[in-house]
Amino acid sequence: MKRLLYILFIIVNCQLSIVSSAKAQAPVPVVNRVKPWQWGVEAGVDVSRFRASKELFSPDNRVGWFMGLKIKTKIPLPNLGLDAAVLYNQNHLEYEAATGRYKNKKMHMFVVPVNLRYNWKLQENFVIYLASGPQWNWLLDKKRFGENGKLEHSFFDWNIGMGFDIFKHVQFGFNYNIPLGKMGEVNNVNLEGHTWNIRAAYFF
C-alpha cells in the first residue's frame, strides 16, 4: 500500500512539472496597444465668402489654402476624442477701391482649431467622425487695406465638420466655419468671413 501511494505521488509530481513547463514555454500573446495620442501633418483648401455689403466686396467666392501640424487624442468617455492644429493659412478678399475697381488684399494668418470629436468605428480600420469647436485666427500682415478698411488682429470662428479616418493614419474631412464676431470693417460696416474647407491629414 505504501509503495502504491509512493508511485501515485511521483506520477502526480511529474504531471505537474510537465504542465508548469508547458505554460512557461507557451508564447505570450501580443496586445496591440492603441496610442493615447497621435500627431501628424495636415493641409487643405478653403473657399470663403466675405460679407459686408454688395457695394464694397466682390460676391465671388475666394479660394485659399492652409497647412501645418495636427494632434488627436482620446478622452475617457465612450467614442469621444479631441483634436487640435496649428496651421498657416493664406487667403484674400476683393474690395472696391475709390476708383470703382476691385483690388486684392492678401491675408496671411495663423489659425488654431480645437475640436471635440464623436467617433463611429465601423470597421477596425475605418472610423467616421463628427467634430465641432472654436478656432482662433491671428493676422500676420498689415491690418489696413484700401482707404477705409481695417482687419482685426485676431478673431474667432466656430467649426462644424465631419470626415473619416482610414488605417489609423490617414484622415479626410470637411468643415464649415461660422464667424463669432467681425474680422474687420470697411466704412464702419462690419466684415465677416464664412468659409468651407476640405482637409487631409497623415498621422505618424
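The values are calculated or read from the model by the stated rules, or taken from the named source; none is laboratory data. What you are looking at is a predicted structure, and each value in this text was computed from that prediction instead of being measured. Note that each Cβ is placed from the backbone with ideal geometry, even for glycine, and that neighbours are counted across all protein chains shown.
A few comments on the model shown:
- Applying the set (1) under 13 Å from the mean Cα position of the chain (by Cα); (2) without any contact (Cβ under 8 Å) to a residue 12 or more places away in the chain to N197 leaves exactly one unmet item: (2).
- Flag if Y88 is modelled with pLDDT under 70, within 19 Å of F155 (Cβ to Cβ) and touching a Gly at 6+ places or on another chain (Cβ under 6 Å): no
- Residue-level analysis places N190 outside the set of residues that are at pLDDT 85 or above and either in a strand (DSSP E or B) or among the hydrophobic types (A, V, I, L, M, F, W, C) (or both).
- Matching residues in the range 106-149 - criterion: being surrounded by 14 or more Cβ atoms within 10 Å (Cβ to Cβ) and more than 27 Å from L82 (Cα to Cα): M107, F145, G146, N148, G149
- Test: residue in the range 43-51 that is β-branched (V, I, T), more than 15 Å from N197 (Cα to Cα), modelled with pLDDT of 95 or more and part of a strand (DSSP E or B): no
- Among residues of the range 122-151 that are without any contact (Cβ under 8 Å) to a residue 12 or more places away in the chain, those with a Cβ under 8 angstrom from a residue that is of a type in the set (A, V, I, L, M) and surrounded by 13 or more Cβ atoms within 10 Å (Cβ to Cβ), sequence gap 6+ or separate chain, pair up as L122/I128; R144/L151.
- Some residue of the range 114-125 being among the β-branched types (V, I, T), assigned to a strand (DSSP E or B), farther than 22 Å from A43 by Cβ and under 19 Å from the mean Cα position of the chain (by Cα): no
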